[in-house]
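The values are calculated or read from the model by the stated rules, or taken from the named source; none is laboratory data. Just so it is clear, the model here is predicted, and its values are computed rather than measured. All Cβ positions, glycine included, derive from the backbone under ideal geometry; neighbour counts span all protein chains shown. These accessible areas exclude ligands, DNA and RNA; they are computed on the full protein's heavy atoms, side chains included. Shrake-Rupley method; radii C 1.70, N 1.55, O 1.52, S 1.80 Å.
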Amino acid sequence: IDSRAAEFQDLAESLNRASDSFRDKINELERMAQLQSEFIGNVSHEVRNPIFSISGYLEALGTSRLSEEQRTRYAEKGLNNLQRLQNLFNDLIEIARLEYREDLIDRRVFNLKDLVDEVVEMLRPKADKKGLNLEVDIPSFEVNADRSRIRQVLVNLIENAIAYTDEGTVRCRVTRRKDKVRIDVVDTGKGIPEEHLERIFERFYRVDPHRSRESGGTGLGLSIVNQILQAHGESVSVESTEGRGTRFQFELPHATSENGQA
Ligand code: ADP
């Protein structure tokens, strides 16, 4: 009888353990479902607003008795909203790709200086338009990473630095750290209040939603940066002082280091 009792006790314990782990799984699934539905809610909101504006401006353009100036302004606003939709669409595609093909990071050896120069020259007109200095300080380094994805990282970080800086300088610096290469994107912009710092890598999280939308931001840029670097086994960090500026930093493997050969 004693051995029967012990057997039942064992059974009860393993049932308990199974039910605990079952409950953990359910909780995790519920959390994922909630994140997913939040994401879908955010996407619908972000899509609905520009579509609503575009149809408003098109309708207004279709009515007679508009001054030439009004016509130009409505057309411009419509186009801006279309651009916002296009940015959102591109970012969503990128997120979906990264989510389902994370293992397909295409590592190759390439010259980081050439890539940074390419990105900076592409973004220079934006900086010029705001009267900002855009500086690069990069020796020639070969790295081993997915070039087009790292291009995306640089575009997102430098575009943000330009968008959230009203005067001064945006600087991209690259330095060698043992078997890694460290990339810094530094600006003299408005900075990020400390209580927001932890959340800026979340999808659709913005410190100032109005300013973000005005500059064509989708609220997805930094989450993509984070996802791309994670897929490389790296991470991105941020330091910021309100009113003084912000520094984003990440590392990539140097191509001549042990694990860096193509
Ligand atoms: P967005 O499209 O809004 O720029 P991101 O994901 O790229 O989305 O950035 C999230 C938020 O982080 C931005 O809305 C902005 O509030 C803040 N942010 C990002 N980069 C900077 C920066 N260089 N200076 C100040 N704030 C920044």
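Condition first: on the phi > 0 side of the Ramachandran plot and either at pLDDT 95 or above or open to solvent by less than 20 Å² (accessible area, probe 1.4 Å) (or both). Can you find one or more residues in segment 226-244 that meet it? No, segment 226-244 contains no residue that is on the phi > 0 side of the Ramachandran plot and either at pLDDT 95 or above or open to solvent by less than 20 Å² (accessible area, probe 1.4 Å) (or both).
Would you check if Glu251 is of a type in the set (D, E, K, R), more than 12 Å from the ligand (Cβ to nearest atom), modelled with pLDDT of 95 or more and open to solvent by 20 Å² or more (accessible area, probe 1.4 Å)? The answer is yes for Glu251. Filter segment 52-73 down to residues that are touching a helix residue (DSSP H, G or I) at 6+ places or on another chain (Cβ under 7 Å) and open to solvent by 50 Å² or more (accessible area, probe 1.4 Å) and give me whichever is farthest from Ile150 (Cα to Cα). So the residue we want is Arg71. Tell me whether segment 184-197 contains one or more residues that are under 30 Å from Gln36 (Cβ atoms), open to solvent by 60 Å² or more (accessible area, probe 1.4 Å) and charged (D, E, K, R). Yes. Of everything listed in (1) modelled with pLDDT under 95; (2) hydroxyl-bearing (Ser, Thr, Tyr); (3) within 15 Å of the ligand (Cβ to nearest atom); (4) surrounded by fewer than 18 Cβ atoms within 10 Å (Cβ to Cβ), the single unmet condition for Ser212 is (4). Within segment 166-199, the residues that satisfy the criterion of being in contact with a Ser or Thr (Cβ under 6 Å, 6 or more places away or on another chain) and more than 18 Å from Asp117 (Cβ to Cβ) are Gly168, Asp179, Asp187, Thr188, Gly189, Gly191, Ile192. Selection of segment 103-132 for residues being open to solvent by less than 60 Å² (accessible area, probe 1.4 Å) and under 19 Å from the mean Cα position of the chain (by Cα) yields Ile105, Leu115, Val116, Val119, Val120, Leu123. Here the condition is being without any contact (Cβ under 8 Å) to a residue 12 or more places away in the chain and either aromatic (Phe, Trp, Tyr) or open to solvent by less than 50 Å² (accessible area, probe 1.4 Å) (or both); of Thr175, Thr218, it holds for Thr175 alone. Only strands (runs of 3 or more DSSP E) whose full extent lies in segment 93-180 are considered here, and the ones with at least 3 residues that are out of contact with any helix residue (DSSP H, G or I) (no Cβ under 6 Å at 6 or more places or on another chain) and away from the ligand (no atom under 16 Å from the Cβ) are 108-111, 169-177.
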